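A short write-up of the structure that comes next.
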Amino acid sequence: MRDLELRRSKLFDLMENNSVAIVYAGKPKISSEDEFYPFNVNKNFFYLTGICQENSILLLVKGLADNKKYLFIDEYNPVKEKWTGKRLSNDEAAKISNISNVYTLDNFDSILELALDNTYGEIKNLYLDLSNELKIGDSYSTQNFANDLKEKYPKLEIKNIYPSLVKLRMIKTEDEINNIKEAINLTHDGMNDLLLNMKVGMKEYALSDRFEQYGKSHGRAKLSFSTIVGSGKNATVLHHPYEQQNETIGSDDMVLFDLGFQHNGYSADISRTYPINGTFTEKQRLVYEAVLNCNKAVIEYARKGLTIKDLQDYAVDILRNEAIRLGLMSDNDDIKKYYYHNVSHHLGLDTHDVSFREQPLEAGNVITVEPGLYFEELGIGVRIEDDVLITEDKNVVLSSNIKKEIDDIEQIFKTRG
């Protein structure tokens with residue numbers, strides 16, 4: 001709760017004087033004629049309020065004297081609850097968000113009008129979260145709302161608050177880091193369950209299903225993203241989709257996992273690659289060692305002041321040199337044939353969290369480090385991904401409890417019975 005107050009305070013600091021900011025939770029999107037996709041709250045709204053309920057609105061007013069905060073939610077409707085389940089009461093929303101001024105949605109227009117009609121001093125700027133595809137009504141977006149406001153208040157300058165929210169979200173607080181750690185710990189436990197139960201002859205999808213079920217049976221944890229399981233040559237497909245995870249895992253196959261659970265909305269993102277029979281072949285070992293050496297080198301290299309591109313360039317050089325040294329490619333080969341993705345992205349409320357990738361890393365950033373090598377002709381794809389906290393000095397590998405050394409992996413298989 002202290003975090004929410006701090007976040008809103010920092011956002012007020014980034015706003016111009018005499019301004020209003022409006023952030024919407026969003027609406028569920030239509031899946032079919034009579035069904036909606038599961039609602040996924042606008043993460044910027046959740047970041048500022050802690051609330052996941054659709055049709056909610058946050059209104060911030062930076063006036064002459066002080067800062068005002070208002071939260072608007074659906075009106076209580078006992079008939080609707082019989083169809084769609086319980087809704088937050090005003091008191092419950094106030095407790096979660098630590099905002100005392102909670103009203104039903106039918107009050108939003110009048111309170112916004114009071115603000116824009118200079119009740120708190122002359123309002124010159126209005127900030128909206130103009131995220132792409134943020135729907136706030138049927139076929140109605142925040143951009144449509146901005147156009148309507150501009151027509152009614154032609155002197156009002158409308159600005160996008162999204163960049164300011166990205167700037168705030170890139171620096172994680174202690175509470176946010178702890179949430180990511182908890183997500184990683186649960187992911188670790190789910191991966192251990194896979195290690196204890198994976199065996200030759202299983203279908204790839206059976207491992208995806210098992211990981212998801214582990215989360216459901218442990219606090220109903222949500223997946224950070226659709227679990228990726230690829231064996232043999234399928235491991236060379238970066239986002240091998242669930243619908244195609246139909247391969248029977250052979251006795252000599254490596255299995256690549258890219259997966260994670262959420263905790264309080266914050267994501268883990270982990271990749272590991274294991275031999276299904278518990279022992280690396282000579283060729284598998286060479287590929288794995290090249291990727292592992294790069295993983296550890298980039299983690300050591302990453303630091304405040306470098307950019308994601310710096311890490312990518314460094315990873316490409318290491319993977320090229322490692323692949324040549326180990327005889328996996330010649331001097332004339334292009335490493336892009338075997339390594340075709342970025343080594344890092346920011347992590348947080350979104351798995352690929354909002355960020356300015358060209359901006360130098362800062363203390364408080366949480367990033368992934370995920371080099372890989374993919375040899376389709378060998379039926380070998382290896383990716384090793386850790387979640388790393390950038391600090392003022394030495395980085396912290398938040399996922400250090402998830403084993404990745406060859407000896408440790410083989411030992412786990414030997415001792416599992």
Expressed as a whole percentage, what fraction of the accessible surface of segment 1-69 belongs to carbon and sulfur atoms when a 1.4 Å probe is rolled over the protein heavy atoms?
-> 47 percent
Accessible area of Thr279, 1.4 Å probe, to the nearest 10 Å²?
-> 80 Å²
Where does each of Val200, Val166 land when they are ordered by accessible area, with a 1.4 Å probe and the largest first?
-> Val200, Val166
Mind grabbing the accessible area of Tyr76 for me, 1.4 Å probe, Å², rounded to tens?
-> 150 Å²
Excluding near-sequence neighbours (fewer than 8 apart on one chain), segment 165-242 holds lysine pairs with C-alpha atoms under 19 Å apart numbering 5
Cα principal axis extents for the chain, largest first, Å | 74, 49, 35
For segment 204-212, 3J(HN,Hα) per residue [Karplus equation, 6.51 cos²θ - 1.76 cosθ + 1.60, θ = phi - 60°, Hz, x = Gly/Pro] | 4, 5, 5, 6, 4, 5, 5, 5, 4
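With +1 on the Cβ of every Lys and Arg and -1 on the Cβ of every Asp and Glu, and nothing else charged, how large is the dipole of segment 110-217 about its Cα centre, in debye rounded to the nearest 20?
Values: 14 positive and 18 negative charges, 58 e Å.
In debye, rounded to 20, segment 110-217 gives about 280.
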Choose one of Ile177, Tyr301, Thr368: the residue whose Cα lies farthest towards the positive end of the charge dipole of the chain (beta-carbon charges +1 Lys, Arg; -1 Asp, Glu; about the Cα centre).
-> Ile177
Over segment 318-411, what percent of the accessible surface lies on carbon and sulfur atoms, probe 1.4 Å?
-> 46 percent
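Given a 1.4 Å probe, how much area per residue of segment 352-417 is accessible, in Å²? Walk me through the numbers on the way to the answer.
Details: 2830 Å² over 66 residues.
Heavy-atom SASA per residue in segment 352-417 reads 43 Å².
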Size of segment 364-405 along its principal axes in angstrom, Cα-based, largest extent first?
-> 43, 18, 12
Longest exposed-site-free window of the chain, the sites being trypsin sites (Lys or Arg not before Pro) in a DSSP loop that have at most 13 other C-beta atoms within 10 Å | 221-356
With labels modelled as points extended 7 Å from the Cα through the Cβ direction, what inter-label distance (nm, one decimal) is found for Glu405 paired with Asp333?
-> 2.8 nm
Segment 64-88 and segment 195-252: distance between their alpha carbon centers, rounded to Å | 39 Å
Rounded to the nearest 20 debye, dipole of the chain from Cβ charges on Lys, Arg, Asp, Glu | 480 debye
Please identify every one of the GluC sites (Glu not before Pro) in segment 22-72 that sits in a loop by DSSP and has no more than 15 other beta carbons within 10 Å of its own beta carbon.
-> Glu33
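Write down the Kirkwood hydrodynamic radius of segment 223-329, to one decimal in angstroms, obtained as one divided by the mean of 1/r over all alpha carbon pairs. Mind dumping the intermediate values first?
Numbers: mean 1/r = 0.0639 Å⁻¹.
For segment 223-329, the Kirkwood estimate is 15.6 Å.
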Longest to shortest principal axis, alpha-carbon extents of segment 66-205, angstrom = 68, 41, 33
What does the accessible area per residue of segment 246-346 come to in Å², with a 1.4 Å probe and no ligands, DNA or RNA counted?
-> 41 Å²
In segment 30-165, taking the dipole from +1 charges on Lys and Arg beta carbons and -1 charges on Asp and Glu beta carbons about the Cα centre, the listed residue (Ser89, Asn77, Leu165) farthest towards the positive end is Leu165
Once phi is turned into θ = phi - 60°, what whole-Hz ³J(HN,Hα) does the Karplus curve with 6.51, -1.76 and 1.60 give for every residue of segment 214-220, x standing for Gly and Pro?
-> 4, x, 4, 8, 10, x, 6
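Quick one: with all protein chains in place, what share of the accessible area of segment 128-169 is carbon or sulfur, to the nearest percent (1.4 Å probe)?
Numbers: 1130 of 2440 Å².
Whole-percent figure for carbon plus sulfur exposure: 46.
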Which far-off residues, 5 or more places away or on another chain, put their amide H under 5 Å from the one on Ile123, with H placed in the peptide plane?
-> Asn118
Compute the accessible area per residue over segment 1-111, keeping the other protein chains in place, probe 1.4 Å, unit Å².
-> 54 Å²
Using θ = phi - 60° and the Karplus form 6.51 cos²θ - 1.76 cosθ + 1.60, what ³J(HN,Hα) does each residue of segment 175-187 get, whole Hz, x for Gly and Pro?
-> 5, 5, 4, 5, 5, 5, 4, 5, 4, 5, 4, 5, 4
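Taking the Kirkwood radius as the inverse of the mean 1/r across Cα pairs, report the Rg/Rh of segment 34-131.
Working: Rg = 14.9 Å, Rh = 14.9 Å.
Expressed as Rg/Rh, it is 1.00.
I need the shape label for segment 292-417. Rule: rounded when a/c is under 1.5, else prolate if a/b > b/c, else oblate, with a, b, c from the alpha carbon gyration tensor.
Working: a/c = 1.99, a/b = 1.21, b/c = 1.64.
Oblate, since a/c reaches 1.5 and b/c is not below a/b.
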Positive dipole terminus of the chain, leading residue within Asn101, Leu389, Val61 (C-beta point charges) | Asn101
Residues meeting the amide H criterion for Lys159 (H placed from the backbone, H to H distance under 5 Å, 5 or more places apart or on another chain) are Leu126, Tyr127, Leu128
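The values are calculated or read from the model by the stated rules, or taken from the named source; none is laboratory data. None of the values given here were measured: they were computed from a predicted structure. Backbone-built Cβ (ideal geometry, glycine too); neighbour counts: all protein chains shown. Surface areas here come from the heavy atoms of the whole protein model, side chains and all, with no ligands, DNA or RNA. Shrake-Rupley method; radii C 1.70, N 1.55, O 1.52, S 1.80 Å.
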